[in-house]
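One structure is given below, encoded as structure tokens.
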């Protein structure tokens, strides 16, 4: 647990220091061992030469077996090397002890047994060595100047000074190593903090802040997508209402056209029975014309309602264009933030590019709807003019019919021709109105199709928003992990950032919920007017 709380720089410094320590200690031990071996070999060579020197010096006395001369000559040698000499013994050729010297701190060595055991070996090799942790024991044969064997000497040299120097060397080496390690660790910590930890910590904090800003922008984009979906739903409901009104108007126009055709047929029949049924025909025509005027008035009012609804749709489309512009702007900001994130933001840059494409397609669809609505308004105005023309024609026909009452007998044929002509013209007008209404219905169907396409684009946009939310959350989590690695848990973050949170639900689920909560198209007329 304590290791996990350390920053990455501290861990790196600890690992490097540990490896450096092991290397320095191994190197120091190797050098000490080599130095100790060299010192031991040098000391042994020196002591071996001294042993040979005293053996050659006392060789005549050993050959004669004179212990008094041996003692005198050995005394000077012992006094000269008393600090290092621990034991001195002189033997004749038979291995009989002639002289001995022992220091106070010398442990017991069975030199006599060794001499008797290796007597033949000493005669052949002239030297026998025995190394112990505290002493260097040398058995050497003593030769006369004519190379005649005179006896044997056994000397035990003390290793106290060598061991002391080795211990002092170890102490100095370990003290120096510890000092170098402490200074090196501090310098290494300082260098890692300045060259690695501090720059990377700043970079990690920048990435953390950038990922949080991307997450906030993504949340804002999700909210705007939801509002756009709601606006599209309102537009669809308004278009359904408009389609219902236009279909009703088309049915009324068809009935009026059928009525005009019936009137024309009645006028043709009246031509043969004009004298008997003229009064009834005039009354019937007057009633019919009044009904047609009422129908025309109803059509004009319906077209006025259609015009108002088209203007409201235009306002909604302007709102959709504004939302599309804001979506494009947010996608551009997301691309900038992804570029600032570097390698971690490449996947998010692709998602932002897809959002911009979707925003462009939404804007294009909105422009198409706007063009269709403008075309529908032009056709509605044309229909209104035709209806107005028909209404004026009916008014003129009504005046002519009233004038016919005074000149019925004299001008029956002429009046019937005028009536027939007026009926034909009105029939053509009604046919034009019927054709315009059919085209208007077709235009509304195209608008509905465009709205469905925009709704599909909105669903795709919602999917992209969900993917963006996942990518931004993943980036924020990775940035937090890096921040935890490079910033100590005991050190406060200079700019506290909230923990990254996943969206409460996917964009698709949010849009679906919005659709389910919206009222039915029949109950949305009042809400639509309040929206305006």
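The values are calculated or read from the model by the stated rules, or taken from the named source; none is laboratory data. For clarity, every value in this text was computed on a predicted model and none was experimentally measured. Please note: Cβ atoms are built from the backbone with ideal geometry, for glycine as well, and neighbour counts cover all protein chains shown.
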Residue that is surrounded by the fewest Cβ atoms within 10 Å (Cβ to Cβ) [pool: residues in region 134-158 that are closer than 16 Å to residue 47 by Cα and free of Cβ contacts under 8 Å to residues at least 60 places away in the same chain]: 134
Out of 378, 343, which single residue is in a helix (DSSP H, G or I), in the same structural domain as residue 217 (by TED's automatic domain parsing) and modelled with pLDDT of 75 or more? 378
Being part of a helix (DSSP H, G or I) and farther than 28 Å from residue 22 by Cα: is that true of residue 167 here? no
Checking residue 329 against (1) surrounded by fewer than 16 Cβ atoms within 10 Å (Cβ to Cβ); (2) over 21 Å from residue 247 (Cβ atoms); (3) touching a helix residue (DSSP H, G or I) at 6+ places or on another chain (Cβ under 7 Å), which single condition isn't satisfied? (3)
Reported set for region 71-94 where residues are touching a strand residue (DSSP E or B) at 6+ places or on another chain (Cβ under 7 Å), more than 12 Å from residue 150 (Cα to Cα) and touching a residue at least 24 places away in the same chain (Cβ under 8 Å) is 71, 74, 84, 85, 86, 87, 88, 89
Conditions: (1) more than 26 Å from residue 217 (Cβ to Cβ); (2) without any contact (Cβ under 8 Å) to a residue 60 or more places away in the chain. Residue 350 meets all but one. Number of the miss? (1)
Could you please let me know if residue 275 is modelled with pLDDT under 70, in a helix (DSSP H, G or I) and surrounded by fewer than 17 Cβ atoms within 10 Å (Cβ to Cβ)? yes
